[in-house]
Structure formats: C-alpha cells, structure tokens
Amino acid sequence: MEAGSVRDVEVAIDAVGIGDIANNILNVPSDKLCHFEGFIAAKSLKNQRPLFHITGFTLIE
C-alpha cells in the first residue's frame, strides 16, 4: 500500500522450484496463470543476483 492506495507491481526475476514443486510446475499448461509463494535470496555466496525460490503455488481459475 502506498499513500493509502493499493498498487499493482510487476517484476521479472529468475525463479527456481525444487523436487515436487518443480515437477508440478512442469505439468501446468502454459496458458494458465499461477499464484506463487516463496522467498527471494541471493543465488549463491559468489553470485548475489536475487533468485525467487518457489515453495508453493496454486492455479488461478
């Protein structure tokens, strides 16, 4: 919220899902929208570029 108003924000960021999450994402048709949950952390100690780590998702109907 900014100045009492809700704002829509769009970002482009690399993401990674591990194990079952990754397999389940692969089965989602490309024309479907999803709501992703997770956290942002540095890719590694040597590479500080942010990476979104997907911990869960749901299809948006």
Cβ charges +1 (Lys, Arg) and -1 (Asp, Glu), total dipole of the chain, debye: 360
Dipole-positive endmost among PHE36, LEU51, ILE25 within the chain (Cβ charges, Cα centre): LEU51
Antiparallel bridges, percent of DSSP beta bridges restricted to the chain (to nearest 5): 80
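At 10 °C and 1.306 mPa s, what whole-number value in µm²/s does Stokes-Einstein give for the translational diffusion of the chain, with Rh from the Kirkwood sum over Cα pairs?
For the chosen part, D equals 117 µm²/s.
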Distance between modelled label sites at LYS32 and GLU10, nm, 7 Å Cα→Cβ extension: 2.3
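Where a number appears in this text, it was derived from the coordinates with a stated rule and is not lab data. None of these values were measured; they are calculated from a predicted model. Cβ atoms come from the backbone with ideal geometry, glycine included; neighbour counts cover every protein chain shown.
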